[in-house]
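Structure, as structure tokens:
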Amino acid sequence: MGGGVIALGLLAYGAVSLFLKDDPLPEEGSLSQAESLLFRPPTTLYQTIDPNSGAAPETVLDARAEIIADMRAEALALVKHLMTMFPLDENADVLQGDIYENLREDALSMVAWKRALAKNPQRTDLYEKLGEVAAAQGNQEQALAYWNQGLQTNANAPNLRWHIANAYLEQGQPEPGVQLLTEECRLSPQTARNYFLLGQCYRQMQQFEQAALNYQKATEIAPDYYNAYYGLANVCRMMKETERAKEALEKFRALKQRADASEDRQIKVEEMPQFRRRLAAYYIKGYQLYAQNRKVRQGKILLQRAAAVAPDWPMCLEKLATHHYHINRLDEAIKFYRQAQRLDPNQPMYAVNVGTLYRQLRRYDLAEKAFRQAIRRFPDYSPGYRELIFLNMKTEKNLSQTLSLAQTAVQLKGSADDYYILSQVHRVNGNGQAALSAIQEAIRLDPDNAEYRSYDAIIRRPGTK
């Protein structure tokens, strides 16, 4: 059933698994003299500022300001190096723009993003960024020009229609927004904010039934989207649906209260961890630039600095694990995943990746132990079941039990790939008709997948078991 997969990476710094093929990146060629001049990040470990210490207030504030200034200088030195190292890569300019944006240097950020656009005019995400800055500065006309230019570049670019519709709505013109958002919902059907804003447009147009449908859809996609419940409560009141309005308002109040009390919404007394993580994220993006330019090994020093700057952030350790996976040092990758697990024991991806790496090392007993621990600890995380299925299929052990695992994975997620795996397990266990039914469901969910259709043809061949 193939070489298996490994779940690596948190996309956009969120807890989302990224599955990569089990092929390390190729080795880089020899370095030129200029390329051999590696970036040498500072070695200073920024101290923690305790505002409750007995030190004089001016001492505490001066120390904090000095550390933040040092972090700013380090970030700018990093991006200057990246732009020297990769002068033709627009991603270095994009990172510089992002850094300036975080430093609230809007004019400089826009210069950097425009420079990136000159190198790659197809970057519609930059039109979105430029429009957002223009809108924040109160220049709505310029913002709309950027967003429309982005759509002219790529008519299927995400988010731009949302921004344009939002601008029209703020100007009291909901009608153009309906058409824009209907198309945006078609392009990004799982994005709750599109339906919410469409509900806002319909509400302003006093088409309350259409508004309610879109608010409801937003809550189905994002059950914690409390603003959508508030909108739903309002339009239900307008339609005299008293009980439904009451239920929606109660849901809004409960979710809003929980969100306001959540730790990430509290104003931190000490913001230094936030600055540390932001600087570490710049180093991670710098490493990604090295990786995109086939200089993985040289970029390692950036990941090491990220981990030194933000030692309590498991993202840095996860990226180090990914790096060692890419250069085929799987024992080191396991070590860093174990360290990330200690920092964030509630992240199931780390546990599953440890088992997958053990499987690749052919330490099958340790792999099985890791997968079973992951399933026991995270019974609702389907990749744990799938990876144990891959292991059992590879070792040809516990095949009857594997059927139960595959059925559980289908119940948890029910993706096309889950049904494809279930079909394979049924076939191995001699359940031909069940295998056929499962692959048919996979094809129904993903009709354009050539691999599924090929497997379906194999099952249907006369004499095939």
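Please pick out the residue among G414, G430 that is open to solvent by 50 Å² or more (accessible area, probe 1.4 Å), of a type outside the set (A, V, I, L, M) and at positive phi. Don't jump to the end; show me each part of the working.
Details: G414 fails: open to solvent by 50 Å² or more (accessible area, probe 1.4 Å).
Criteria check complete, one pass: G430.
Within the range 85-112, residues that are over 13 Å from Y290 (Cα atoms) sit with their Cβ atoms under 8 Å from residues that are open to solvent by 30 Å² or more (accessible area, probe 1.4 Å) and of a type in the set (V, I, T), at 6+ positions apart or across chains, in these pairs: G97/V111. Kindly check whether there is at least one residue in the range 433-445 that is open to solvent by 20 Å² or more (accessible area, probe 1.4 Å) and assigned to a loop (DSSP other than H, G, I, E, B). Checking the range 433-445: not a single residue is open to solvent by 20 Å² or more (accessible area, probe 1.4 Å) and assigned to a loop (DSSP other than H, G, I, E, B).
Could you please let me know if E387 is within 30 Å of D365 (Cβ to Cβ), among the charged types (D, E, K, R) and in contact with a Gly (Cβ under 9 Å, 6 or more places away or on another chain)?
Values: within 30 Å of D365 (Cβ to Cβ): yes; among the charged types (D, E, K, R): yes; in contact with a Gly (Cβ under 9 Å, 6 or more places away or on another chain): yes.
Criteria met by E387.
Pull up the range 29-76, narrow it to residues that are open to solvent by 90 Å² or more (accessible area, probe 1.4 Å), within 35 Å of the chain's Cα centre (by Cα) and at pLDDT below 70, then point me to the one that is nearest to Y282 (Cα to Cα). Ranking the qualifying residues of the range 29-76, first place goes to L37.
Yes/no matrix, rows are residues, columns are (1) of a type in the set (D, E); (2) out of contact with any helix residue (DSSP H, G or I) (no Cβ under 9 Å at 6 or more places or on another chain); (3) not in a helix (DSSP H, G or I):
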site	(1), (2), (3)
D125	yes, no, no
A134	no, no, no
G138	no, yes, yes
N156	no, no, yes
H163	no, no, no
Q179	no, no, no
N194	no, no, no
A211	no, no, no
Y215	no, no, no
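Does D448 satisfy the criteria of being within 29 Å of R338 (Cα to Cα), of a type in the set (D, E), open to solvent by 60 Å² or more (accessible area, probe 1.4 Å) and not in a helix (DSSP H, G or I)?
Numbers: within 29 Å of R338 (Cα to Cα): no; of a type in the set (D, E): yes; open to solvent by 60 Å² or more (accessible area, probe 1.4 Å): yes; not in a helix (DSSP H, G or I): yes.
When the stated conditions are applied, D448 does not pass them.
The number of residues in the range 77-99 that are open to solvent by less than 40 Å² (accessible area, probe 1.4 Å) and part of a helix (DSSP H, G or I) comes to 14.
Only one residue in A218, A157, A222, A245 is crowded, with 22+ Cβ neighbours inside 10 Å and either farther than 30 Å from A118 by Cα or touching a Gly at 6+ places or on another chain (Cβ under 6 Å) (or both), so which one is that? Answer to the check: A218.
Per-residue answers, yes or no, for (1) under 24 Å from Q190 (Cβ atoms); (2) surrounded by fewer than 22 Cβ atoms within 10 Å (Cβ to Cβ); (3) not polar (S, T, N, Q):
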residue	(1), (2), (3)
E105	no, yes, yes
A118	no, yes, yes
Y127	yes, no, yes
G131	yes, no, yes
A136	no, yes, yes
N139	no, yes, no
L144	no, yes, yes
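Can you give me the number of residues within the range 307-355 that are in contact with an Asp or Glu (Cβ under 7 Å, 6 or more places away or on another chain) and farther than 20 Å from A281 by Cα? Counting residues in the range 307-355 that are in contact with an Asp or Glu (Cβ under 7 Å, 6 or more places away or on another chain) and farther than 20 Å from A281 by Cα gives 2.
Let's see how each residue does on (1) free of Cβ contacts under 8 Å to residues at least 24 places away in the same chain; (2) open to solvent by 40 Å² or more (accessible area, probe 1.4 Å):
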| residue | (1), (2) |
| --- | --- |
| A340 | no, no |
| L343 | no, yes |
| V352 | no, no |
| T356 | no, no |
| D365 | yes, yes |
| R372 | yes, yes |
| R377 | no, yes |
| Y381 | no, yes |
| E387 | no, no |
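Taking each residue of the range 280-292 that is touching a residue at least 60 places away in the same chain (Cβ under 8 Å) and looking for partners that are part of a helix (DSSP H, G or I) and open to solvent by 30 Å² or more (accessible area, probe 1.4 Å) with beta-carbon atoms closer than 6 Å, six or more apart or interchain, yields L289/N91. Of note, N398 satisfies the criterion of being in contact with a helix residue (DSSP H, G or I) (Cβ under 6 Å, 6 or more places away or on another chain) and either open to solvent by 20 Å² or more (accessible area, probe 1.4 Å) or of a type outside the set (K, R) (or both).
Tell me yes or no: at least one residue of the range 302-317 is in contact (Cβ under 8 Å) with a residue 60 or more places away in the chain, among the acidic types (D, E) and in contact with a Leu (Cβ under 8 Å, 6 or more places away or on another chain). No, the range 302-317 contains no residue that is in contact (Cβ under 8 Å) with a residue 60 or more places away in the chain, among the acidic types (D, E) and in contact with a Leu (Cβ under 8 Å, 6 or more places away or on another chain).
When you scan the range 396-408, do you find a residue that is assigned to a helix (DSSP H, G or I) and closer than 29 Å to L317 by Cα, even just one? Give the derivation first.
If we filter the range 396-408 for residues that are assigned to a helix (DSSP H, G or I), which is where we start, we get 399-408.
Keeping just the survivors that are closer than 29 Å to L317 by Cα gives none.
Among the residues of the range 396-408, not one is assigned to a helix (DSSP H, G or I) and closer than 29 Å to L317 by Cα, which makes the answer no.
Taking residues in the range 200-220 that are free of Cβ contacts under 8 Å to residues at least 60 places away in the same chain and on the phi < 0 side of the Ramachandran plot, and partners anywhere that are assigned to a helix (DSSP H, G or I) and β-branched (V, I, T), the pairs with Cβ atoms closer than 6 Å and at least 6 places apart or on different chains are C201/V178; R203/V235; F208/V235; A211/V235; A212/V235. Just for the range 316-338: of the residues that are open to solvent by 10 Å² or more (accessible area, probe 1.4 Å) and of a type in the set (D, E), which one is farthest from G299 (Cα to Cα)? Restricting to residues being open to solvent by 10 Å² or more (accessible area, probe 1.4 Å) and of a type in the set (D, E), the top hit is D331.
The values are calculated or read from the model by the stated rules, or taken from the named source; none is laboratory data. All figures in this text were calculated on a predicted structure; none of them were measured in a lab. Backbone-built Cβ (ideal geometry, glycine too); neighbour counts: all protein chains shown. Note: areas computed on protein heavy atoms with side chains; ligands, DNA, RNA excluded. Shrake-Rupley method; radii C 1.70, N 1.55, O 1.52, S 1.80 Å.
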